[in-house]
Amino acid sequence: MKYLIGIDDHDSYKFGCTTHFSVILTSYLYKNHNTILLDLPYLVRLNPNIPWKTRGNASIKLIVEFNGTKKELADIIFSYSVKYVKNVSLALEHGRRPGIAIIEYDKYKSLFEKLYDFYIKGILDIIPIDYAKKFAEKNDIEIRGDRGIIGSIAALGMSGDYTYELITYRKKENWLKKRMINEDSVKRVDEETFPLTFANYDYINDSPLITPHGSDPILYGIRGTSIEHLIKAMELIESNEDINFFAVFKTNQNTDIHFQKVGNRFYQQIKKVIQIKNIKILEGGDVMIRTTDDDILFVYKETGELNSAAKLLKEGDEIVAYGAIKPSITYGKIIELERFEILKLNDLQLVNPKCPVCGGPTKSLGKNKGYKCKKCKYIINTANKSMKNIIRNLSLGIYQTRAYRHLTRPIFLTLENNNQSFHEERKFLYMYRSELYKLDYHL
């Protein structure tokens, strides 16, 4: 029988990773319970604004064939889950509360819209654990565990545009050692595979973007839209350690799914047309924007090009602001921008009028007292300034942070999952199953 499995919250700040658990779990189920993976695993990023989220706020979806009931499958998986969080990730010691969710494939098809809405809610909003448990009970979803149930159910509903991520994993004896990736080899990946792989190297800070910074099992992860090119990239990257195993995930990363629905509450995404009232460049380089609607927007220095563009905005400019609503001790509510689209630029400036006699510049004689020519001393009896067209070093269009969030779609990226993608996935899946069978991982 076909089942969908959702998995979440198996990592900790010290060790482990939910994607790592999903790969060794799939291998364990294949070898010990004849459970066949029917599609690539799914890496599902959820609400990026939750303050208590895990590092990447990711859950996993697996689609499998299993000869047994969903209760039996849940018992097998959760038993393996308990071993992983005790012996590998130490998740319980670091406040993690792993969970799983399982539904029959036929039931999933009939509940598709409800599950999809739960998935979108998991990206947009905060879902209480009690709500998730009631949702599971009402829709006959088998659950085990605690808070991870929320992300697990959300993962079941993932649908729509996707990209891929190839993740390589380290041998356990290397987890506490510094990752040593040859930077030139990462640049070569860009030269030979961009834009079918992307976000590999930060050329401004001169450092790779593919490596995490913690002691988790991941060596590096490569993002892209072609499995063939992801494999090629892996072959090009040079490291001082051998890869233990790797997997390719379908993922909602870089799809802008977090802007599909927006809201106006804390920790929700917002997309809003606003008019600039004024901007202030703060000490350190952050930009604070006040709008005519009394919204307060922040564009942080780390956003790079977005921050540079924000510094050039001025009163009267009109933009579409894309960002996250966050609480602030100082301002109550702020919007942290990750992108804006300029709709209209105010290219007019009020200036003192030119002298009508000699054409020279004038100076104000005081409020409503007129102007005096600096050259011929002629007095102009008017309180009105003149309008002058000015050159703006901005143009209409989109400006975006270079510090990608997981869900942010790069401006250049075209999402097109077509027949070629399907054939690539089928080809890789057959190979991947054989690799899963070879994998020898003991908890």
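Checked against the criteria, Ala101 does not count as farther than 28 Å from Ser27 by Cα and touching a helix residue (DSSP H, G or I) at 6+ places or on another chain (Cβ under 6 Å).
Name the one entry in Leu25, Leu62 that is surrounded by 22 or more Cβ atoms within 10 Å (Cβ to Cβ), assigned to a helix (DSSP H, G or I) and assigned by the TED database to the domain that holds Phe428. I'd like the intermediate steps shown before the answer.
On the way: Leu62 fails: assigned to a helix (DSSP H, G or I).
So the residue among Leu25, Leu62 that is surrounded by 22 or more Cβ atoms within 10 Å (Cβ to Cβ), assigned to a helix (DSSP H, G or I) and assigned by the TED database to the domain that holds Phe428 is Leu25.
Scan the stretch 100-123 for residues that are open to solvent by 10 Å² or more (accessible area, probe 1.4 Å) and over 21 Å from the mean Cα position of the chain (by Cα) and the total you get is 11. Close Cβ contacts (under 6 Å, 6 or more residues apart or on different chains) running from residues in the stretch 270-283 that are over 17 Å from Asn307 (Cα atoms) to residues that are of a type in the set (Asp, Glu) and part of a strand (DSSP E or B) comprise Gln275/Glu318. Asp216: surrounded by fewer than 24 Cβ atoms within 10 Å (Cβ to Cβ), under 23 Å from Gly6 (Cα atoms) and modelled with pLDDT under 95, yes or no? Answer is yes for this residue. Kindly list the number of the only condition in (1) within 19 Å of Ile276 (Cα to Cα); (2) buried (at least 17 other Cβ atoms within 10 Å of the Cβ); (3) hydrophobic (A, V, I, L, M, F, W, C) that fails for Leu312. (2) is the only condition that Leu312 fails.
Anything in the stretch 320-329 that is assigned to a strand (DSSP E or B) and not hydroxyl-bearing (Ser, Thr, Tyr)? List them, or say none. Before you say what the answer is, go through the steps one by one.
Step one: list which residues in the stretch 320-329 are assigned to a strand (DSSP E or B), which gives 320-328.
Once the filter is applied, which keeps residues that are assigned to a strand (DSSP E or B) and not hydroxyl-bearing (Ser, Thr, Tyr), the stretch 320-329 yields Val320, Ala321, Gly323, Ala324, Ile325, Lys326, Pro327.
Collect the residues in the stretch 382-409 that are charged (D, E, K, R) and open to solvent by 90 Å² or more (accessible area, probe 1.4 Å), keeping them in residue-number order.
First, pick out the residues of the stretch 382-409 that are charged (D, E, K, R): 385, 388, 392, 402, 405, 409.
Those that are charged (D, E, K, R) and open to solvent by 90 Å² or more (accessible area, probe 1.4 Å): Lys385, Lys388.
Filtering the stretch 329-350 to residues that are over 11 Å from Ile296 (Cβ atoms) and among the aromatic types (Phe, Trp, Tyr) leaves only Phe340. Given the structure, is Asp295 farther than 22 Å from Pro410 by Cα, of a type in the set (Asp, Glu) and crowded, with 21+ Cβ neighbours inside 10 Å? Answer is no for this residue. Report whether or not Tyr162 is open to solvent by 30 Å² or more (accessible area, probe 1.4 Å) and of a type in the set (Ser, Thr, Tyr). Taking the combined requirement at face value, the residue satisfies it. In the set (1) surrounded by fewer than 12 Cβ atoms within 10 Å (Cβ to Cβ); (2) touching a Lys or Arg at 6+ places or on another chain (Cβ under 9 Å); (3) not polar (S, T, N, Q), Phe412 fails one condition alone, (2). Residues that are of a type outside the set (Ser, Thr, Tyr) and touching a strand residue (DSSP E or B) at 6+ places or on another chain (Cβ under 7 Å) number at least 2 in the following strands (runs of 3 or more DSSP E) confined to the stretch 330-433: 332-344, 348-351, 371-373, 386-389, 397-400.
Say whether the condition of being assigned to a loop (DSSP other than H, G, I, E, B) and under 15 Å from the mean Cα position of the chain (by Cα) is met by at least one residue in the stretch 271-282.
The first filter runs over the stretch 271-282 and keeps only residues assigned to a loop (DSSP other than H, G, I, E, B), leaving 282.
Pick out the ones that are also under 15 Å from the mean Cα position of the chain (by Cα) and you get none.
No, the stretch 271-282 contains no residue that is assigned to a loop (DSSP other than H, G, I, E, B) and under 15 Å from the mean Cα position of the chain (by Cα).
The condition (being surrounded by fewer than 22 Cβ atoms within 10 Å (Cβ to Cβ), modelled with pLDDT of 95 or more and touching a strand residue (DSSP E or B) at 6+ places or on another chain (Cβ under 7 Å)) is satisfied by just one residue among Glu191, Glu183: Glu183.
As a summary of the residue check, Arg144 satisfies the conditions (1) open to solvent by less than 10 Å² (accessible area, probe 1.4 Å); (2) touching a helix residue (DSSP H, G or I) at 6+ places or on another chain (Cβ under 6 Å) except for the one numbered (1). Of all the criteria given as (1) surrounded by fewer than 14 Cβ atoms within 10 Å (Cβ to Cβ); (2) outside any loop (DSSP other than H, G, I, E, B); (3) under 26 Å from the mean Cα position of the chain (by Cα), the one not satisfied by Phe249 is (1).
The values are calculated or read from the model by the stated rules, or taken from the named source; none is laboratory data. Worth saying up front: this structure is predicted, and the values here are computed from it rather than measured. Using ideal geometry, Cβ is built from the backbone for each residue, glycine included, and neighbour counts are taken over all protein chains shown. Accessible surface areas use protein heavy atoms only, side chains included; no ligands, DNA or RNA. Shrake-Rupley method; radii C 1.70, N 1.55, O 1.52, S 1.80 Å.
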